[in-house]
Amino acid sequence: MTKVITLATSKGGAGKTTLARSLACHWYNLGIKVGVIDADPQGSIITRHNPEGLLKDMPIIAQPEETVNDTIEEMKRSCSIILVDTGGFRNRTTIKALIATDIALIPLKPSADDVAGALETYDLIKELNETPERVNNHIKYRMVLTMTQQGTVISRHVREELKSMGYSLLENELYHRVAYPEAAIQGLSPSLTDPESPAARDISRVVGEINNLV
């Protein structure tokens, strides 16, 4: 059965697209049939995608409209995993994607603004879980810390605060590494450009947790 994973947060610059691209490349490199829906009006994934490059066999579709749920259903015919990268704000497209998802990932940097954006997105998911479409099948979610400095006090503090408030986070993080923007120039991820790198290992650990959820 196809699994749908939607990345959402109401705060821009939280590492959402980096996380989406990293997950897609990791699964693609394993031979899994993964597709990406770029539902962000900025089109950060689709504009960097090279249809003749390493990801030429991965379906990547730009769909920033409310019909994103129809695009998800169409992609289910050929993909085992579908990743939906949404815009950094609340709109009908994000809502439609979340209603159709199996799990929502909420990326956030260890900053007050990012935490506020993550909590706002959590509240949206909680609201959607009361709708007829999801009231008996609640949307699972996990917050994911991104662009963190390994071992820093601020990252640990944010994690502990969120956990103490009852929010669910992945135990693993995407650390701040230059490998991500370097690979993104080609629309790729360290999982493809340098599979043995620390960044690729970070991604692998994050994927391991997500696999256990879906």
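Read the figures in this text as sums done on the coordinates, not as results from a lab. Remember, predicted model here, so these are calculated numbers, not experimental data. Cβ: placed from backbone, ideal geometry, glycine included. Neighbour counts: every protein chain shown.
Annotations
- Directionally averaged projected area (segment 3-213, Cα convex hull): 10.8 nm².
- Residue-by-residue Karplus 3J(HN,Hα) for segment 120-125, coefficients 6.51, -1.76, 1.60, Hz, glycine and proline x: 5, 5, 4, 4, 5, 4
- Per-residue ellipticity at 222 nm, computed for the chain from helices alone with -39500 (n - 2.57) per DSSP H run of at least four residues, works out to -12000 deg cm²/dmol.
- Under the combined filter of DSSP loop state and at most 13 neighbouring Cβ atoms within 10 Å, segment 40-124 retains these trypsin sites (Lys or Arg not before Pro): Lys56, Arg77.
- Computed over the chain: relative contact order in percent, which uses C-alpha pairs under 8 Å that are six or more apart: 26
- Euclidean distance between Cα centres, segment 58-113 to segment 160-214, Å: 18
- Listed pairs Lys16/Lys126; Lys3/Lys126; Lys76/Lys163 exceeding 31 Å between Cα atoms: Lys76/Lys163
- Percentage relative contact order, segment 137-184, counting C-alpha pairs under 8 Å, at least six apart: 51
- Nonlocal amide H pairs with Val4, under 5 Å, H built at 1.01 Å: Ile82, Asp102, Ile103
- Cut-off under 5 Å, modelled amide H: who pairs with Asp194 long-range: none
- In Å, descending, principal axis extents of the Cα set of segment 1-52: 32, 28, 15
- Segment Ser197-Leu30, extension gain: residue separation times 0.36 nm, minus the distance between their alpha carbons: 58.5 nm
- Dipole-positive endmost among Val153, Met165, Ala184 within segment 141-201 (Cβ charges, Cα centre): Met165
- Amide hydrogen neighbours beyond the local backbone of Leu169, cut-off 5 Å, H modeled: Met143
- Dipole magnitude of segment 3-213 about its Cα centre (Cβ charges: Lys, Arg +1; Asp, Glu -1), debye to nearest 20: 280
- Solution diffusion estimate, µm²/s, Stokes-Einstein, segment 143-195, Kirkwood Rh from C-alpha pairs, 10 °C, viscosity 1.306 mPa s: 128
- Using θ = phi - 60° in the Karplus curve 6.51 cos²θ - 1.76 cosθ + 1.60, the 3J(HN,Hα) couplings for segment 4-21 round to 10, 10, 10, 9, 8, 6, 8, 10, x, x, 8, x, 4, 5, 4, 5, 4, 5 Hz; x is entered for Gly and Pro.
- Evaluating 6.51 cos²θ - 1.76 cosθ + 1.60 at θ = phi - 60° for every residue in segment 95-100, the Karplus couplings come out as 4, 5, 5, 5, 4, 8 Hz, glycine and proline recorded as x.
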